[in-house]
Structure formats: structure tokens, C-alpha cells
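What follows is one structure encoded as C-alpha cells, with my remarks underneath.
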């Protein structure tokens, strides 16, 4: 991609208005210093000593954080969290990044989903994550709550250029994105062709219709009922992508890790290579950052292959941020483009 075209798309990010619907989690990090460990008088067990606490929006919140860092024009959160301390911390994090919370329900009878991550300080000063503690809701949201959530999204459609669907909960029908939600989203996408709908899902990507989907290579194979082809080469994956695009009537982005992405429509598939990086990497949140870059580019006028390049560039920056779910700014994205491709007139 020529530099002028790259800058044209990048400059368009600030005009893009997006809604993010799905499962908003809190990522809570507890930094533990083993040198300060004590023995509990009551239990005789080691009591870990926390010397720092940090938290940030996770799951759908990771997507909004990436959109904010990339300077999207407007970001609306759509979903439901608990009226609890974790919910307060999550709302603080979302507000700090400029996310509109007018359609994020705060409910007394549910948990705010939270990933609590003990981070143990090592001898060299680095942190290593210990066993995570997950707080999640184990029963479905009520029909009334789901109707309020979907009604909120529908009210936003005239105000946004795109909708990102962040389906984090693997268990069927336990999060915001349920079988019924997917059906409603398909109907909205058909009724509002001017709005881009883009889905990323932890476990149910093959159940979406009429929206852009972003499976990895294994998920793409499973979408088509094939376990054996999960390690397929690019040619076979390209055919899968074309089939999925035909089924959904929308483009498909197959992520390939360090190999980049395949950007597919019903007639073609383009391999957009990954961006080489050196040094340690941390892939937590890489998919969400790739989603943010890809969707912003699409809404700013990029074609699928151009959008995949932006997704790859953003992810190449965030994976170099160790021990956190990283983000990338437009200036960092531009610098990575220049470092990788040089100046092109």
C-alpha cells in the first residue's frame, strides 16, 4: 500500500463511530512480592503479599481500549455488568478512555465478569502470571435485560458506522451474545446495510450469519465441519474463507498468527503477511487489537486486504507489550508501517 493511501485511511479513524456489544470484563492484576510472604496464623498457609494493584477493561473492554488508543471518533459500550466494586473499576477504566456508557446496563443481580491475575515478581524484577481467578455469571441474563440491551444497540444504529460483536463467554447462552442475540444481529445487519457488523467469538464464530467474521485457521475449519483441516495450508484456507464469505454474504478475515491474515470475499482471498517483530512477545489481547485496527480501517474506506494490513500492524505493536493487554496509537502504527515498508510515494 502506498504511503498516501495509508495516511488517508489512518486519518479517517478519527471520524469513525462504533458500538461494541458483548461481554465486558474487568482485568485485575495483583502484583505479589514473594520476598514479603507471611504465614497465616489462622491457617498455617502462606499468605501472598500484594504490593500493587492495577486494572483495565477486558474482553469487549480490550476492544474499546484499542479503539480509543487508535483515536476512533466515538465508542459506545453495549452490554451489562454488575453493580459491584469490580463494576465500578470497570466503568472507571472505560470512562478514562472516553467510552460512552449510556447503553451499558449496571445490574444488581449479576457479577461484573472479572479475570483476577496474580502476577508474581521474579528475581530479575519481571512478573509472571500465576493461576488466574475467574468471576463469571453462571446463569443466563433475563429476557427483559436482553431486550434492553438489543434495544439500546438498535437505538444507536443511526449514530454509528459499525458494530463490533465481542463474544467472550464460551458457554452457550450465558453471556450477552446468545443464540437469540446472533439472530437479532443478523436481522439488524440485513436491515442496515450502511452499518458494518463485525464479529469475533471465543467459541461460536461459526454460528454468526450476515456479518463479517474473524476466525483463526482452526475455527475456520470447524465452521465448515472439518477437524482435519485445522492445520491447512494457505490454499485450502483461502477456499474455506471464500466458502464462509459466500455463506455469510460478507467478507471473512482468517487470522494466521505470525503469518498475518487472509482477507476473503466470495470470489477471492488475499494473503496479507504478518509484520515481523523481534524480542519477547505477549499475545494476550492480540486478536482484539487486530479487530480494532481492521474495523477502523474498513469504516474509514479500506478494502478488506488494506484493512487486514492495519489489523496486522496494530497487533504487531500490542504483542510487544509484556504482561498487559496492550494498545497502539496512530503514530505508532505509522512508525511501524514506515519501519516495515519504508517511505512510499
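The values are calculated or read from the model by the stated rules, or taken from the named source; none is laboratory data. Since this is a predicted model, take the numbers as computed values, not measurements. Cβ atoms come from the backbone with ideal geometry, glycine included; neighbour counts cover every protein chain shown.
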Does segment 147-161 contain at least one residue that is over 24 Å from residue 75 (Cβ atoms), touching a helix residue (DSSP H, G or I) at 6+ places or on another chain (Cβ under 9 Å) and surrounded by fewer than 20 Cβ atoms within 10 Å (Cβ to Cβ)? no
If you go through segment 256-263 one residue at a time, do you hit one that is within 22 Å of the chain's Cα centre (by Cα) and over 21 Å from residue 1 (Cβ atoms)? yes
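Within segment 48-95, track down each residue that is in a helix (DSSP H, G or I) and over 20 Å from residue 293 (Cα atoms).
Our first condition is that a residue be in a helix (DSSP H, G or I); within segment 48-95, this holds for 60-69, 85-95.
85, 86, 87, 88, 89, 90, 91, 92, 93, 95, listed by residue number.
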Odd one out for residue 321, checked against (1) under 24 Å from residue 116 (Cα atoms); (2) surrounded by 15 or more Cβ atoms within 10 Å (Cβ to Cβ); (3) in contact (Cβ under 8 Å) with a residue 40 or more places away in the chain; (4) out of contact with any helix residue (DSSP H, G or I) (no Cβ under 7 Å at 6 or more places or on another chain): (3)
For residue 337, all conditions in the list (1) more than 18 Å from the chain's Cα centre (by Cα); (2) crowded, with 19+ Cβ neighbours inside 10 Å; (3) part of a loop (DSSP other than H, G, I, E, B) hold save one; what is the number of the exception? (3)
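Would a scan of segment 13-32 turn up a residue that is touching a strand residue (DSSP E or B) at 6+ places or on another chain (Cβ under 9 Å), surrounded by fewer than 15 Cβ atoms within 10 Å (Cβ to Cβ) and either modelled with pLDDT of 95 or more or under 27 Å from residue 323 (Cβ atoms) (or both)? Can you show your working first?
First, the residues of segment 13-32 that are touching a strand residue (DSSP E or B) at 6+ places or on another chain (Cβ under 9 Å): 16-32.
Narrowing further to those that are surrounded by fewer than 15 Cβ atoms within 10 Å (Cβ to Cβ): none.
No, segment 13-32 contains no residue that is touching a strand residue (DSSP E or B) at 6+ places or on another chain (Cβ under 9 Å), surrounded by fewer than 15 Cβ atoms within 10 Å (Cβ to Cβ) and either modelled with pLDDT of 95 or more or under 27 Å from residue 323 (Cβ atoms) (or both).
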Only one of (1) modelled with pLDDT of 95 or more; (2) surrounded by fewer than 24 Cβ atoms within 10 Å (Cβ to Cβ) is not met by residue 1, so which one is it? (1)
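Counting just the residues of segment 187-206 that are at pLDDT 95 or above and surrounded by fewer than 17 Cβ atoms within 10 Å (Cβ to Cβ), which one comes out farthest from the chain's Cα centre (by Cα)?
Initially, segment 187-206 is screened for residues at pLDDT 95 or above, giving 187-201, 204-206.
Those left that are additionally surrounded by fewer than 17 Cβ atoms within 10 Å (Cβ to Cβ): 187, 190-194.
Details: 187: 23, 190: 23, 191: 25, 192: 23, 193: 23, 194: 22 Å.
For segment 187-206, the residue satisfying everything is 191.
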Conditions (1) under 16 Å from residue 100 (Cα atoms); (2) touching a helix residue (DSSP H, G or I) at 6+ places or on another chain (Cβ under 8 Å) -> residue 60 fails only (2)
Failed item, numbered, when residue 210 is tested on (1) crowded, with 24+ Cβ neighbours inside 10 Å; (2) more than 26 Å from residue 112 (Cβ to Cβ): (1)
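Are any residues in segment 102-139 part of a strand (DSSP E or B) and closer than 13 Å to residue 88 by Cα, and if so, which ones?
Looking only at segment 102-139, we keep the residues that are part of a strand (DSSP E or B), and these are 102-107, 114-121, 127-129, 133-135.
Result: 104, 105, 106, 107, 114.
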Identify, please: which residue in segment 134-146 is in contact (Cβ under 8 Å) with a residue 24 or more places away in the chain and in contact with a helix residue (DSSP H, G or I) (Cβ under 9 Å, 6 or more places away or on another chain) and is, among those, farthest from residue 86 (Cα to Cα)? 146
